Structure formats: structure tokens, C-alpha cells
1. In whole angstrom, how far apart do the alpha carbon centroids of region 11-65 and region 198-242 sit?
2. Sticking to Cα atoms, compute the Rg of region 208-284 to one decimal and its Dmax as the biggest Cα-Cα distance, whole number, in Å.
3. Using the membrane-span-like helix rule (whole DSSP H runs, Cα extent along the own axis of at least 20 Å, mean Kyte-Doolittle hydropathy at least -0.5), which helices of the chain qualify?
4. 5 Å is the cut-off here: which amide hydrogens, built 1.01 Å from N in the peptide plane, fall below it relative to LEU31, excluding neighbours closer than 5 in sequence?
5. Among bridges DSSP assigns within the chain, what percent are antiparallel (round to 5)?
6. May I ask you to give the solvent-accessible area per residue for region 215-307, in square angstrom, as obtained with a 1.4 angstrom probe?
7. Sort by residue number and report every cysteine in the chain with no other cysteine beta carbon within a distance under 4.7 Å.
8. Carbon and sulfur together cover what percent of the accessible area of region 240-310 at a 1.4 Å probe radius?
Amino acid sequence: MNKRPIIIDCDTGHDDAIALLLALGSPEVELKAVTTTAGNNVVDKTFHNTLKVLSHIGVTDIPVAKGAESFFFQPHKIADHVHGDSGLDGPELAEPSFGGVKLSAVELIEKTVRESAEKITLCPMGPLTNIATFVLSCPDLLPKIERISFMGGSAVGGNASPVAEFNTWQDPEAAQIVLKSGVPITMCSLDATFDAYITAEEKERFRQIGNKAGILTAELLDFFGKFHAKVGNKGAPMHDACAVAAVINPALFEMKRANVSMDLNGTFTRGCTTTDITGVTGRKQNCDVTFGVDREAFVELLYSAVKNLQ
Ligand code: RIB
Ligand code: CA
């Protein structure tokens with residue numbers, strides 16, 4: 001089986017961490033590089049959290065770069081109410097056993113894509129600042145991007161506002177640049193990712209795997225699940241892992257072609273991913289948007305991946 005080479009751009013956070021485990025434990029993809037951005041917390045913390053997670057499961061040979069400290073225009077609003085002060089509260093993780101590369105996130109994406117014999121799939125799962133900067137600075141490399149499968153957006157509803165999802169809300173100008181890039185895009189939106197949840201009972205299955213990755217998954221969910229239980233969700237939604245799962249097996253998701261355009265100027269709607277599936281706007285379709293997920297199959301995919309790890 002040919003492994004799909006991917007790069008994850010993340011703001012580690014609990015669900016970002018679990019998305020990393022899915023990528024590392026899945027034979028269908030090869031994680032070539034990890035870049036980090038501000039989002040759930042400041043980039044120093046999301047970068048550090050990423051190194052700690054990878055070190056914890058013995059993965060120290062993948063280049064990790066620190067990226068965007070701020071956004072094109074939108075002021076930073078950290079999500080410490082969800083992910084805690086560290087951005088990854090809950091598990092007790094040792095200090096990283098390796099450091100990041102000296103390159104910026106955009107430089108690492110550029111280097112990885114330029115040196116790859118195959119097209120690369122980008123899996124962003126935080127604000128799209130790094131990806132937008134790459135799109136603007138390396139137009140010659142866009143033909144070498146197989147697809148951008150990102151976690152973000154929402155056709156209906158939102159979590160950062162009544163109508164906007166956090167990643168696109170936090171940097172809507174960046175999201176617009178990516179959506180207009182012409183690269184094939186899968187938008188793994190809240191419409192599906194909220195249904196990609198893990199229940200308390202399923203969490204214990206991960207803990208019982210007994211390896212470091214399984215115990216880490218359960219401990220991440222112990223903390224992450226608290227917020228989601230408090231707000232009445234059925235389980236802990238694995239928003240970010242959907243961006244990777246949609247690359248591994250798109251058939252897990254109900255998808256619709258749509259035009260997705262960012263609202264940049266609305267008083268109450270800035271950051272909204274305006275999603276046109278009927279063609280009423282006349283705008284060209286630019287995305288495959290997720291509207292549903294086979295939750296049980298998704299959980300089994302993640303479970304199998306975590307079992308493959310240390
Ligand atoms: O809206 C959910 C997204 O915001 C996820 O990527 C989560 O990690 C946070 O970044
Ligand atoms: Ca994230």
C-alpha cells in the first residue's frame with residue numbers, strides 16, 4: 001500500500017494530540033512534518049505540547065517547527081477554558097526529549113514539499129495562518145499539494161460564535177486565502193466533527209490497550225471530556241482527528257460539494273464559513289464539506305491506530 005505523505009499543522013490541544021496519534025498509527029499515511037501555530041494557546045505552548053506528545057510515544061525523528069505567533073488581523077482569544085492553561089492540561093508528560101527544527105513553519109512546509117517526490121497532503125487543524133502564508137509565498141509549489149484536509153468551519157452553527165467555528169473565526173483572512181487557493185480542499189467542519197465523539201465507555205477501551213498511546217489518549221479525554229460534558233455534548237468530539245481520518249478513508253464521511261466563502265466584515269458573522277451547497281450564490285464550488293460521519297467506524301479507526309503505537 002502506498003502511504004499518503006502528509007504534514008499536520010496544529011495548535012496542540014487535546015484533539016490535535018489525538019489527531020497526531022491517528023496519523024502516526026495509521027499505515028495509510030506517513031507523517032513527514034509537523035508545524036505548529038497559535039490557536040488553542042500561544043504558539044510557544046502549542047509547540048512545546050506537540051514536542052511533549054511526540055516524545056512521550058517515542059517519536060523523535062519527525063521535524064517539528066514553530067509557526068505563527070499571531071493572526072492576519074484577528075486578536076488572539078486562547079481556549080484555556082477548553083484545553084487548560086498549558087493548552088494540554090491533564091496528562092503528566094515529561095519534558096520533550098528532542099527539539100524543533102530551526103526553520104519556521106512555512107519554511108518547513110516549503111522544504112518538505114519541495115524535496116518530496118510525491119504530492120503532499122496538508123492537514124491543518126488550527127487557525128490557517130501558516131497555510132495561508134505558505135499559499136501566498138510559494139505559489140509554485142501549490143501543484144505539489146495533493147489536497148488540504150483541514151478541521152474548521154461550519155455550514156450551520158459555530159463554537160467560537162453562534163455562526164463561526166474557532167479555527168476559521170480566529171483567522172478568517174487566512175481561511176479565505178486558503179479557500180481561494182485553487183488547491184483541492186476537504187473542510188472537516190463542525191457539522192460532522194461534533195458527531196465524531198468518543199464516549200466515556202469507549203475512552204476506557206483506549207486506556208485498557210495499556211500502551212503509552214492508549215493511556216495518553218484516555219488521559220487526554222479525561223480532561224477534554226470535562227468541558228464537553230459540562231456543555232452537554234454526548235462525548236468528547238475528535239474534531240482534529242477528522243482531518244486525518246478524511247484522508248485515510250473519506251468514505252467515513254458524508255460529503256457535499258460546496259462553495260465556501262469567508263464572511264470577513266459581518267458585525268455578528270465575521271469568521272463564518274458561508275457554505276453554499278445549492279449553487280444559489282453562483283460562486284464556484286471549492287470544497288468537499290463533511291456533513292456526517294460513521295462514528296463507530298471512526299472510533300475503530302482511531303482505536304486501531306493507537307494500538308499500533310508504543
Ligand atoms: O473548533 C475546534 C477546533 O478548535 C479544534 O481544532 C480545536 O483543537 C480548536 O483548535
Ligand atoms: Ca486544533
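The values are calculated or read from the model by the stated rules, or taken from the named source; none is laboratory data. Quick caveat: nothing in here was measured; it's all calculated off a predicted structure. Neighbour counts run over all protein chains shown; Cβ positions are idealised from the backbone, glycine included. To get the accessible areas, we keep the full protein, side chains included, count just its heavy atoms, and leave off ligands, DNA and RNA. Shrake-Rupley method; radii C 1.70, N 1.55, O 1.52, S 1.80 Å.
1. 17 Å
2. Taking only Cα atoms of region 208-284, I get Rg and Dmax of 17.9, 53 Å.
3. Passing helices, by number: 212-230.
4. Those lying under 5 Å, H to H, from LEU31 are ILE6.
5. In the chain, approximately 35 percent of DSSP beta bridges are antiparallel ones.
6. 44 Å²
7. Within the chain, the cysteines lacking a partner Cβ under 4.7 Å are CYS10, CYS123, CYS138, CYS272, CYS287.
8. 51 percent
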